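S.K.: What follows is a structure written as structure tokens; I'll ask about it next.
The values are calculated or read from the model by the stated rules, or taken from the named source; none is laboratory data. Just so it is clear, the model here is predicted, and its values are computed rather than measured. Methodologically, a virtual Cβ is constructed for each residue, glycine included, from the backbone with ideal geometry; neighbour enumeration extends over all protein chains shown. Areas reflect the complete protein model, heavy atoms only, side chains present, ligands, DNA and RNA absent. Shrake-Rupley method; radii C 1.70, N 1.55, O 1.52, S 1.80 Å.
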Amino acid sequence: MAKTKVIWSCQECGHSQTKWSGQCPVCENWNTIQEEKQVKELPSRFHSNPEAKKAVRLADVKINDQERVLSNIKAFDRLLGHGLVAGSLILLGGDPGIGKSTLIMQVTANYVDAGLKVLYICGEESMEQVSLRAQRLSIQAENLLLLGETNIEAIKVQIENIKPDIVIVDSVQVVYKNDVPSLPGSVSQIREAATEMMYIAKNLSISIFMIGHVTKSGEIAGPRVLEHLVDTVLYFEGDRQHHYRILRVVKNRFGPCDEIGIFQMKSSGLQEVENPSEVFLDQRKSTVEGSAIIPTIEGSCPILVEVQALVTSLAYSSPTRKSSGLDTNRLALLIAVLEKRLGYSLMQSDVFVSIAGGMRIREPAIDLGVLMAIASSYRERPLNFSQVFLGEIGLAGDIRRVSNIEKRLKEAMRMGFKDAIIPKRNLKDLSEEILNSIQIHAIEFVDEAIQHCFRD
């Protein structure tokens, strides 16, 4: 029997320590430290024959082209690296009610229609509830196998008997192992369950999808080792009040990272959005101040998004800075540049900035667009309706170059924009086709952009 010792683990971030404390020293959440019994692995737990494997030279390793299975959902297949690889372990996380189970049910149905044998582990829901969801989505996957079980040992027995091609675990937080003396959903149980799934996937060449919960900060609940064990990590983002969902890949051993897929939630399920730029700009108004268009890059996909800013008179003794869809610290930096380099008196104003449509953008190339939207609202003058903005802003008020400038401008041209303000250092990266097709204004400092947009 495995030996155990008592530890105290944070149920939010997975940090372990030897004593109890009211606040986790890592994630700084209160009342998340709970007592657990840690299992010490015995030497023979995952023991293998030392003569079974031998070291080989890198040049002698034979690389076989692995056949990828398509789900016929283009965005989903692209995020996985143009198809599902046999024996891969995939983790799908997202907020409650965001559509994780809906997406995985649609993907599962397509795999079943392609002739694959799929086993769906119903952990959080009963088999009747999963069947009702399939009926609501008009899914006729009659050969889909459902299993209402959360014991990992019983699940392993069923997998060995059924020999499926794909296994869906919904969710990994409810799966437990008998010899781990802690409750399901604890750090120890999640780590052990994920480890068992990894060995099943690699040894039997079965692709496994695990659905995971997220914490208050938006990260997948459980120890950080959970994301290290899997081959692919997918995050489902979006606001349940909006119709659009963003599926983002943050780790992928079989394809590129930072790719996204955009879906629209309908009564018939999730439908892929093939033209994201048109979706995010369809409600844009031409005569409203505080609105700017930014060509951003998500993975390999250029998307035009609208950033909206609202500058109002001071409501309380200290100014309010709120943002939705972008980093609040970055917003504070841009406001400081406006105050220091351009003389804007924003200390007596509240500033609110939002990315329309529920998008979350992390790249600094949106800086110039955010700053111009704030300036437009402050001066109560709308910007040019057919103009886009690109550039990272430094503390000195300088405009720094951005990557993939041609791809961004081609997307702007496709959507009918005729004017672009870009960093001067990017001018040499443009082809003659771009220069002849869209009016370019190359600038070096923020004040040049302000003077160009507000000439009077």
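S.K.: Can you work out the accessible area per residue across the stretch 186-320, with the rest of the protein chains kept in place, probe 1.4 Å, in square angstrom? Don't skip to the answer; put the middle values down first.
M.R.: Working: 5680 Å² over 135 residues.
Ligands and nucleic acids excluded, the figure is 42 Å² per residue.
S.K.: Something else: Summing -39500 (n - 2.57) over the DSSP H runs of n ≥ 4 in the chain and dividing by its residue number, what mean residue ellipticity at 222 nm do you reach, to the nearest 500 deg cm²/dmol?
M.R.: Numbers: 12 runs with 122 residues, N = 456.
One gets -8000 deg cm²/dmol as the mean residue ellipticity at 222 nm.
S.K.: Considering only DSSP beta bridges where both residues belong to the chain, give the percentage that are antiparallel (nearest 5).
M.R.: Numbers: 46 of 83 bridges.
Given both bridge residues lie in the chain, the antiparallel proportion sits at roughly 55 percent.
S.K.: I would also like to ask the following. In the full protein assembly as shown, how much of residue 328 is accessible to a 1.4 Å probe, in Å² to the nearest 10?
M.R.: Near enough 60 Å² of accessible area.
S.K.: Another question about this same structure. Under a cut-off of 25 Å between alpha-carbon atoms, report the lysines in cross-link reach of residue 5, not counting same-chain residues fewer than 8 places apart.
M.R.: Counting by Cα, and skipping residues close in sequence, residue 5 has these lysines nearby: 19, 37, 40, 177.
S.K.: Pairs 285/340; 54/202; 163/202; 62/251; 100/202: which are spaced more than 22 Å apart, C-alpha to C-alpha? List each step's numbers first, then the result.
M.R.: Details: 285/340 31 Å; 54/202 18 Å; 163/202 14 Å; 62/251 25 Å; 100/202 24 Å.
Checking Cα-Cα distances, 285/340; 62/251; 100/202 exceed 22 Å.
S.K.: Looking at the stretch 240-281, which GluC sites (Glu not before Pro) are in a loop (DSSP not H, G, I, E or B) and have at most 13 other Cβ atoms within 10 Å?
M.R.: On the way: sites: 259, 272, 274, 278; in loops: 259, 274.
Loop-located and lightly packed - 274.
S.K.: Also, quick follow-up: I'd like to compare 305-311, 406-412, 378-384: which one has the highest average count of other Cβ atoms within 10 Å, and what's the full order after that?
M.R.: Values: 305-311: 22.3, 406-412: 20.0, 378-384: 16.0.
Listed from highest to lowest mean packing, they are 305-311, 406-412, 378-384.
S.K.: While we're looking at this one, here's another question. Which Cys in the chain stand alone, with every other cysteine's Cβ at 4.7 Å or more from theirs?
M.R.: Lone cysteines by the Cβ rule: 122, 257, 301, 453.
S.K.: Something else about it: What angle do you read, to the nearest 10 degrees and between 0 and 90, between the alpha-carbon axis of helix 100-113 and the longest principal axis of the chain?
M.R.: Once rounded, one gets 60 degrees.
S.K.: Going by alpha carbons, how many degrees (0 to 90, nearest 10) lie between the helix axis of 328-342 and the longest principal axis of the chain?
M.R.: 20 degrees
S.K.: Just subtract the alpha-carbon distance of residue 432 and residue 278 from 0.36 nm times their residue separation and send over the number in nm, one decimal.
M.R.: Numbers: separation 154, 0.36 × 154 = 55.44 nm, distance 2.62 nm.
Extra length available between residue 432 and residue 278 comes to 52.8 nm.
S.K.: Could I ask something else about it? How much of the accessible area of the stretch 146-208, in percent, comes from carbon and sulfur atoms when a 1.4 Å probe is used? The partial results should precede the final answer.
M.R.: Details: 1210 of 2370 Å².
With neighbouring chains kept in place, the figure for the stretch 146-208 is 51 percent.
S.K.: Right, here's the next one. Separation between the residue 151 and residue 62 pseudo-spin-labels, each 7 Å from Cα along Cα→Cβ, expressed in nm?
M.R.: Placing both labels 7 Å beyond Cα along the Cβ direction yields 4.2 nm.
S.K.: Along the charge dipole of the chain, which of 314, 17, 92 sits closest to the positive end, that is, farthest toward it, with unit charges on the beta carbon of Lys, Arg, Asp and Glu (+1, +1, -1, -1)?
M.R.: The one lying farthest along the dipole's positive direction is 17.
S.K.: I need the phi-derived Karplus couplings for the stretch 157-172: 6.51 cos²θ - 1.76 cosθ + 1.60, θ = phi - 60°, integer Hz, Gly and Pro marked x.
M.R.: Rounded to whole hertz, the list is 5, 5, 5, 5, 7, 7, 6, x, 7, 9, 10, 10, 10, 10, 10, 5.
S.K.: Going out from 0 in 10 Å bins, what whole percent of all Cα-Cα distances in the stretch 251-325 drops into each bin?
M.R.: Spelled out per bin, shortest first, that is 14, 33, 30, 17, 6, 0.
S.K.: Output the peptides 28-34, 346-352 sorted from most to least packed, where packing is the average of other Cβ atoms within 10 Å over each peptide's residues.
M.R.: Output ranking for 28-34, 346-352: 346-352, 28-34.
S.K.: Enter the angle in degrees (range 0 to 90, nearest 10) between the Cα long axis of helix 367-379 and the first principal axis of the Cα atoms of the chain, meaning the one along which they spread out most.
M.R.: Helix 367-379 and the main axis of the chain meet at about 50 degrees.
S.K.: Next question. Can you pull the one-decimal nm distance between simple spin-label points at residue 264 and residue 6, each 7 Å off the Cα toward Cβ?
M.R.: In this crude spin-label approximation the distance works out to 5.7 nm.
S.K.: Over the chain, what is the mean sequence separation of C-alpha contacts under 8 Å (at least six apart), divided by residue count, expressed as relative contact order in percent?
M.R.: Taking the mean separation of contacting Cα pairs over the length of the chain, I get 12 percent.
S.K.: If Rh is defined by the Kirkwood formula over all Cα pairs and Rg also comes from Cα, what ratio Rg/Rh do you get for the stretch 382-456? List each step's numbers first, then the result.
M.R.: Numbers: Rg = 12.0 Å, Rh = 12.6 Å.
That ratio is 0.95, to two decimals.
S.K.: If you average the sequence gap of Cα pairs under 8 Å that are 6 or more apart and divide by the length of the stretch 153-302, what percent do you get for the contact order? Don't skip to the end; give the middle numbers.
M.R.: On the way: 189 pairs, mean separation 20.9, N = 150.
Computed over the stretch 153-302, the figure is 14 percent.
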